[in-house]
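> This is the structure I want to talk about, given as structure tokens.
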Amino acid sequence: MFEIQNQPFAVKTFRNQINKDLIRFNYPIQRQGNQWNALQKSYLIHSIASPTFPIPPIYFLGIKEEIPVVKKGETVMELSTVRQVLDGKQRLTTIFDFVTDEFALHNDTPEVTIDAEEFELAGKKFSELDEAVQDSILSKSILSYTIDGETADDEEIEDLFFRMNNGSSLTKQQKAKAQMGTEWAKTIQKLGEHSFITNLAAFSKTQLVKDSHLTALMQTMMMMDEHTTYKDVTSSSIASYGLEFKDDSEYKEELVEKIDKAMDYLSEVFDKKEKVLLKKVNFPMTLITAVDALEKQVNTEEFYEWTVMFKKNLDKKFDFGTVSDDEVFVTTDYLEYTGNGSTDKHKADGRLNAMRQNFSEYIEKKRKFEEADAITTS
């Protein structure tokens, strides 16, 4: 059984430890930051400023690590306890962002009473608050529990995280990250940090915060996976699919490698955000088609040319009569599988099969066209 210590820390201490990289927020099973809206953040700051309201405790995983420390003007390596946040990320990031002047409080934030005197908070950044309020915030103590990383294994940490968040508003994907295990959570998280996701895919900031890009990557794996049978591509089915990872690791690693290479490939295909083929509903289909392209040794220029023609199929205003005889163009029924109920297996499979078939026919037609052209000109 793991060992755990409890200790109150002042907000000022939290700020200093974050600045020194002694508190970190990137533990693999954690969800993204910025889950709260402006008013939620402001009410937390109001509670901290007030002597009346308690703040829920923070849970950390404590890991011993050598970090650079400046002593007497020299930087030396020193063994220190680095705390990874397991529960309380939204609170700590909100507190840190506020005391470092990253945002102003919501205009609906109520006044705070300190020593029988009322102070205005609404619309103010930390540096704009009265000194008494600043002092009250920085001196506020929050109880913290630190689990000794040397005495806790991954399964115990995953179980603890799941129990702490079982009644909160984590998305299905965020809970699934804990259930699939730390190592697999790291792998999927790393896949989701690919520059292709952040620079070229059409995920909104909100979708990234809610881990929708990870859901899309797991949907891609699930639809490629010959070892599984899925009933639909809803968040629930995708989260359940994550439970299979521990028992089928070798094959799942092969799928991850194929997807990673496909994202590298598509990074060379597109030079800006692709708002049609890489939006969430089309993302898995495009990625799997890129896997096909790699297997068929289709170069990135050819793939890009196909995307241009395929998107014409998806444009309801496109006049098919404008396609010239010397253009390679293949029609598709892809649109029949979009719209309401797009998470149904029938529609998801329909989109995938339609796109893959269109790509295959396009490449075959294009190469025959080029062969015929070469014979004519020789």
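> Where the convex hull is taken over the Cα atoms of the chain, what is its projected area averaged over directions, in nm²?
The number I arrive at for the chain is 26.4 nm².
> For Cα pairs less than 8 Å apart in space and 6+ apart in sequence, what is the mean separation divided by the residue count of the chain, i.e. the relative contact order in percent?
The normalised contact order for the chain reaches 16 percent.
> Antiparallel DSSP bridges in the chain: what percent, to the nearest 5?
That works out to approximately 75 percent antiparallel.
> Out of region 280-362, which GluC sites (Glu not before Pro) are coil in DSSP terms and have no more than 15 other C-beta atoms within 10 Å?
Answer in residue order: Glu327.
> At a Förster distance of 22 Å, what's the computed FRET efficiency of Asn199 paired with Asp108, Cβ-Cβ distance as r, to 0.05?
The calculated FRET efficiency here is 0.05.
> Against the 2.2 N^0.38 Å scaling, with N counting residues, where does region 1-145 land? I'd like the Cα-based Rg ratio to two decimal places.
1.13
> Right, another one. Grab the other residues whose beta carbon is less than 15 angstrom from that of Thr81, score K and R as +1, D and E as -1, and report the net.
-3
> Springs between alpha-carbon pairs under 10 angstrom, Gaussian network model over the chain: which of Val76, Val11, Val276 fluctuates most?
Of Val76, Val11, Val276, the most mobile in the Gaussian network model is Val76.
> Between Leu335 and Thr151, what is the label-to-label distance in nm when each label sits 7 Å out along the Cα-to-Cβ direction?
The answer from the label model is 6.4 nm.
> Which one, Gly350, Ala374, Ile363, is farthest towards the positive end of the dipole of region 320-378 when Lys and Arg carry +1 and Asp and Glu -1 on their Cβ?
Result: Gly350.
> Return the calculated 222 nm mean residue ellipticity for the chain, to the nearest 500 deg cm²/dmol, obtained by summing -39500 (n - 2.57) across DSSP H runs with n ≥ 4 and dividing by the residue count.
Value at 222 nm, helices only, nearest 500: -15000 deg cm²/dmol.
> Would you tally the net charge around Tyr304, using a Cβ to Cβ cut-off of less than 13 Å, leaving Tyr304 out, and scoring K and R as +1, D and E as -1?
The answer is -3.
> Hey, how much of the P(r) for region 83-163 falls beyond 15 Å, as a percent of Cα pairs?
For region 83-163, the fraction of Cα-Cα distances above 15 Å is 67 percent.
> May I pose another question? Using alpha-carbon positions, what is the distance between the centroids of region 271-325 and region 103-160, in Å?
If you average the Cα positions of each part, the centres end up 49 Å apart.
> Would you kindly work out the equivalent ellipsoid of region 268-328 from its C-alpha gyration tensor and give its semi-axes, the square roots of five times the eigenvalues, largest first in whole Å?
For region 268-328, the semi-axes come out at 21, 16, 10 Å.
> On to the next question. Which longest run of the chain has no exposed loop site in it, a site being trypsin sites (Lys or Arg not before Pro) in a DSSP loop with at most 14 other beta carbons within 10 Å, and the site itself not part of the run?
Formally, the longest exposed-site-free interval is 126-230.
> Still on this structure: Using the Cα atoms of region 209-362, I'd like the radius of gyration and the largest Cα-Cα distance, Dmax, both in angstrom.
In Å, with Rg to one decimal and Dmax whole: 15.9, 53.
> Using a Förster distance of 56 Å, how high is the FRET efficiency between Val70 and Asp326, based on the Cβ-Cβ distance and rounded to 0.05?
Efficiency, from the Cβ-Cβ distance: 0.25.
> Less than 13 Å Cβ to Cβ from Asp21, Lys/Arg counted +1 and Asp/Glu -1: what total charge do the surrounding residues give?
That sum, taken over residues with Cβ under 13 Å, equals +1.
> Roughly speaking, what is the stretch gain from Asn37 to Lys273, that is 0.36 nm per residue apart minus the C-alpha to C-alpha distance, in nm to one decimal?
In short, 82.3 nm is gained.
> With springs only between Cα atoms under 10 Å apart, run a GNM on the chain and tell me which of Asn37, Asn299, Asn199 wobbles the most.
Of the options given, Asn37 has the highest mean-square fluctuation.
> Between Ile259, Ile288, Ile67, find the one with the highest GNM mean-square fluctuation for the chain; connect C-alpha pairs within less than 10 Å.
Among Ile259, Ile288, Ile67, the largest mean-square fluctuation in the Gaussian network model of the chain belongs to Ile67.
> Normalised radius of gyration for region 328-378, please: alpha carbon Rg relative to 2.2 N^0.38 Å, two decimal places.
1.59
> Can you give the translational diffusion coefficient of region 1-81 in µm²/s, computed by Stokes-Einstein from the Kirkwood radius over Cα pairs at 37 °C and 0.692 mPa s?
For the chosen part, D equals 209 µm²/s.
> If you take the Cα Rg of region 174-242 and divide it by 2.2 N^0.38 Å, with N the number of residues, what do you get?
With N residues counted in region 174-242, Rg over 2.2 N^0.38 Å equals 1.08.
> Over region 237-305, calculate the relative contact order: mean separation of alpha carbon pairs under 8 Å at least 6 apart, over the residue count, as a percent.
Relative contact order, region 237-305: 36 percent.
Every number here is computed from the coordinates shown, using simple stated rules; none is lab data. Source: prediction; values computed, not measured. Don't worry about glycine lacking a Cβ; one is built from the backbone with ideal geometry, like all the others, and counts go over all protein chains shown.
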